[in-house]
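Enquirer: The structure's right below; bear with me while I get my questions together.
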Amino acid sequence: MKKKRILTGFFAGAAALSLALTGCSGAGNDDASNSDVKKASKEDVQKKKSDEIIVAYGTEPQRPLVPGDTNETGGGDVIDVLWEGLVYYDEEGKSHNGVAEDISSEDNKKWTVKLKKDRKFSDGTPVKAENFVKAWQATTKQALLNQWWFGTFEGVDEEGNGDLSGVKVVDDFTFEVNLKEPESTFPLQLGYSAFYPLPDVAFDGDKLKADFGKAPVTNGPYKFDEWKNNQYIKTVRNDKYVGDREALNGGVEFKIYQQDNAGYADLQSGTLDVMKTIPAASLNSFKSDLGERAIQQEQAVHQTFTIAAKEPHFEIGTEEGKLRRQAISMAIDRDTISEKIFAGVVKPAKGWFNPTINYYNDKVKGVENVEFNPDKARELWKKAEEISKFEGDFTLAYNADASHKEWVDAVCNSIKKELGVNAHGNGVPTFKDFRDQVTNREMKGAFRTGWQADYPSPVNYYGSIYVTGGSANDGDYTNKKFDDLVQKIRTSKDDKEIQKFSDEAAEILFDDLPSIPLWTTQATGGHSERTSNVIFDWHGVPMYYQVVVEKK
């Protein structure tokens, strides 16, 4: 959640949580400065432009680097520096035209997109209308991970399967998009990576080449250099890029870590320049460790764990399933875990998206289902037991290459204590293995989930995660009434209507609990002594192209 994407870890897209439930809290909620150089003028920063490569924390991508087939942050962070879409988002989440010259519509249903004529891919070929159209059509025809994003287009079903006939080339630098229903916020979505273009060399006819994503040709501020699995992905400045996101350094090397603690050690020693996550074991000390190089700020990230809709004893739509989901949720002491474990960088979730997003409301009917109520939890669990006895263990899976074990243990211990069930964690060695099991529907029991917003709208959370067939609907949740409400949010232009529809959608989720909300998080990170102008954006991702290396 990239956008965006499914999170590797808990903070800022790849963070981790640690410590024991009985741990102590030290850090406060005050925001650390992004960077002292951030206050410098743009002209002063430009003078520091160099060819030095910066080293950034990374994790092994689940799949090759193809925008339409990437929905997790390990690959997404790399894709976002290599590509530029029709629009891009600034530090505050405001959208600006990127490759697009103009995006317009008279009825919010038929959209005309005109492209800037000076944009090129890293191989020197121009970025044309067909590069967007073919990329998008390949995503739906080949059923790539992000096909859901096109479910509102003509020519595909609600899950994004089909030939995407609603997208048509008009001329070299103009194309049309025909939607099934009017959608006023359509242009806002277009900065997400699912909508990036692909060059001619990516295709064999109309089909995407299988090996393209291992060494892609791209159109962003950086271009691909080298990928050594489980070690690093190297990018270098793309001199053919003429957009607004000019790279102030010579490239970004994403060093791939198996443990975030190792990354933090490298950050302290100066061999890692930018880290967008602080291991939980260091949350109490990272501000004193790093001083002005520490970063803590709000971000659009929401944390949950998911129980599949058809999971035995938890099936949505059955009385037993409803009772057990509510009981599990009410048995989690979020306040104590937040206070004792996370050093003030998480807050118990009271809704289905982050409070930084418009239309957030923490007083929706049903919010009591995500509040700690052990007596009620035991009562509900007992009623479920009268319907069908629960035998075996309650497991919560997580990727063990980030510091999730301790918070998972804390959650499971809370459930075990209040409900008397044998609840425990299930560590999967790597994030890639973890995501593969989830994607292939091989995961048993509950599993951790998190979302980093792709664009600043409740639709991004609702639609991607909970609408039938959504790109990140890992629990296969489906509810027609909910789907209809999300569509109403998409099409409405009235703020009061959007708030009403959003609240009604939240009520359904609180009742069904397709996932169990845990926390909203702040971004925590840091940078090396040799770097400055390190700025984290609205959803907790470093703006790598702005990082400068101080000249000695």
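Enquirer: Restricting attention to the stretch 314-329, does a residue exist that is under 30 Å from Tyr545 (Cα atoms), open to solvent by 40 Å² or more (accessible area, probe 1.4 Å) and either polar (S, T, N, Q) or in a strand (DSSP E or B) (or both)?
Expert: no
Enquirer: Here is a further query. Looking at the structure I just gave you, is Phe372 crowded, with 20+ Cβ neighbours inside 10 Å and of a type outside the set (Lys, Arg)?
Expert: no
Enquirer: For the stretch 63-73, enumerate the residues that are open to solvent by less than 10 Å² (accessible area, probe 1.4 Å) and either among the aromatic types (Phe, Trp, Tyr) or closer than 18 Å to Trp451 by Cα (or both).
Expert: Listed by number, the residues that qualify are Pro67, Gly68, Thr70, Asn71, Glu72, Thr73.
Residues are listed down the side, and each one gets a yes or a no for (1) of a type in the set (S, T, N, Q); (2) closer than 24 Å to His313 by Cα:
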{"residue": "Trp381", "(1), (2)": "no, yes"}
{"residue": "Glu385", "(1), (2)": "no, yes"}
{"residue": "Phe394", "(1), (2)": "no, yes"}
{"residue": "Ala397", "(1), (2)": "no, yes"}
{"residue": "Asn422", "(1), (2)": "yes, yes"}
{"residue": "Asn426", "(1), (2)": "yes, yes"}
{"residue": "Pro429", "(1), (2)": "no, no"}
{"residue": "Arg441", "(1), (2)": "no, yes"}
{"residue": "Phe447", "(1), (2)": "no, yes"}
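Enquirer: Scan the stretch 280-302 for residues that are closer than 26 Å to Asp454 by Cβ and not in a helix (DSSP H, G or I) and report the count.
Expert: The qualifying residues number 8.
Enquirer: If I filter the stretch 380-412 down to residues being open to solvent by 80 Å² or more (accessible area, probe 1.4 Å), out of contact with any helix residue (DSSP H, G or I) (no Cβ under 6 Å at 6 or more places or on another chain) and at pLDDT 95 or above, which single residue comes out as nearest to Ser329 (Cα to Cα)?
Expert: Among those residues, the one meeting the criterion is Lys382.
Enquirer: Yes or no: the stretch 432-453 includes at least one residue that is among the charged types (D, E, K, R), in contact with a helix residue (DSSP H, G or I) (Cβ under 9 Å, 6 or more places away or on another chain) and more than 30 Å from Ala505 (Cα to Cα).
Expert: Checked the stretch 432-453: at least one residue is among the charged types (D, E, K, R), in contact with a helix residue (DSSP H, G or I) (Cβ under 9 Å, 6 or more places away or on another chain) and more than 30 Å from Ala505 (Cα to Cα).
Enquirer: For the stretch 155-170, does any single residue satisfy the condition of being open to solvent by 10 Å² or more (accessible area, probe 1.4 Å), under 23 Å from Arg490 (Cα atoms) and hydrophobic (A, V, I, L, M, F, W, C)?
Expert: For the stretch 155-170, residues open to solvent by 10 Å² or more (accessible area, probe 1.4 Å), under 23 Å from Arg490 (Cα atoms) and hydrophobic (A, V, I, L, M, F, W, C): present.
Enquirer: Let me ask another. Going through the stretch 262-291 one residue at a time, which ones are within 22 Å of Val78 (Cα to Cα) and either touching a Gly at 6+ places or on another chain (Cβ under 7 Å) or surrounded by 16 or more Cβ atoms within 10 Å (Cβ to Cβ) (or both)?
Expert: Answer for the stretch 262-291, where residues must be within 22 Å of Val78 (Cα to Cα) and either touching a Gly at 6+ places or on another chain (Cβ under 7 Å) or surrounded by 16 or more Cβ atoms within 10 Å (Cβ to Cβ) (or both): Gly263, Tyr264, Asp266, Leu267, Leu272, Asp273, Val274, Met275, Lys276, Thr277, Ile278, Pro279.
Enquirer: Show me the helices (runs of 4 or more DSSP H) found entirely inside the stretch 413-511 where at least 3 residues are within 17 Å of the chain's Cα centre (by Cα) and either at pLDDT 95 or above or closer than 23 Å to Leu396 by Cβ (or both).
Expert: Passing ranges, in order: 431-439, 458-465.
Enquirer: Additional query: Which of the residues that make up the stretch 332-359 are open to solvent by 30 Å² or more (accessible area, probe 1.4 Å) and within 16 Å of Leu518 (Cβ to Cβ)?
Expert: Matches in the stretch 332-359: Asp333, Asp335, Thr336, Glu339, Lys340, Lys347, Pro348, Lys350, Pro355.
Enquirer: A further question on this structure: Which residue is nearest to Asn161 (Cα to Cα), if the candidates are limited to the stretch 455-469 and must be open to solvent by less than 10 Å² (accessible area, probe 1.4 Å) and touching a helix residue (DSSP H, G or I) at 6+ places or on another chain (Cβ under 6 Å)?
Expert: The qualifying residue nearest to Asn161 (Cα to Cα) is Gly463.
Enquirer: Still on this structure, please answer the following. Given the conditions (1) open to solvent by less than 70 Å² (accessible area, probe 1.4 Å); (2) under 23 Å from Gly450 (Cα atoms); (3) of a type outside the set (Lys, Arg), and given that Pro429 satisfies all but one, which numbered condition is not satisfied?
Expert: (1)
Enquirer: So, in the stretch 119-154, of the ones that are of a type in the set (Asp, Glu) and over 24 Å from Arg490 (Cβ atoms), which residue ends up surrounded by the fewest Cβ atoms within 10 Å (Cβ to Cβ)?
Expert: Taking the candidates together, the pick is Asp123.
Enquirer: Taking Asn219, is it buried (at least 21 other Cβ atoms within 10 Å of the Cβ), in a loop (DSSP other than H, G, I, E, B) and not small (Gly, Ala, Ser)?
Expert: yes
Enquirer: Does the stretch 360-369 hold any residues that are assigned to a loop (DSSP other than H, G, I, E, B) and surrounded by 15 or more Cβ atoms within 10 Å (Cβ to Cβ), and which are they?
Expert: Across the stretch 360-369, the qualifying residues are Tyr360, Asn361, Val364, Gly366.
Enquirer: Counting only residues that are part of a helix (DSSP H, G or I) and of a type in the set (A, V, I, L, M, F, W, C), which one in the stretch 194-214 is surrounded by the most Cβ atoms within 10 Å (Cβ to Cβ)?
Expert: Filtering the stretch 194-214 for residues that are part of a helix (DSSP H, G or I) and of a type in the set (A, V, I, L, M, F, W, C), the one surrounded by the most Cβ atoms within 10 Å (Cβ to Cβ) comes out as Ala194.
Enquirer: What tally of residues in the stretch 406-447 results from selecting those that are over 25 Å from Asp69 (Cβ atoms), in contact with a strand residue (DSSP E or B) (Cβ under 9 Å, 6 or more places away or on another chain) and of a type in the set (A, V, I, L, M)?
Expert: 7
The values are calculated or read from the model by the stated rules, or taken from the named source; none is laboratory data. The structure displayed is predicted, hence computed values, not measured ones. Every residue, glycine among them, receives a Cβ derived from its backbone with ideal geometry; neighbour counts consider all protein chains shown. All accessible areas refer to the heavy atoms of the entire protein, side chains included, with ligands and DNA or RNA removed. Shrake-Rupley method; radii C 1.70, N 1.55, O 1.52, S 1.80 Å.
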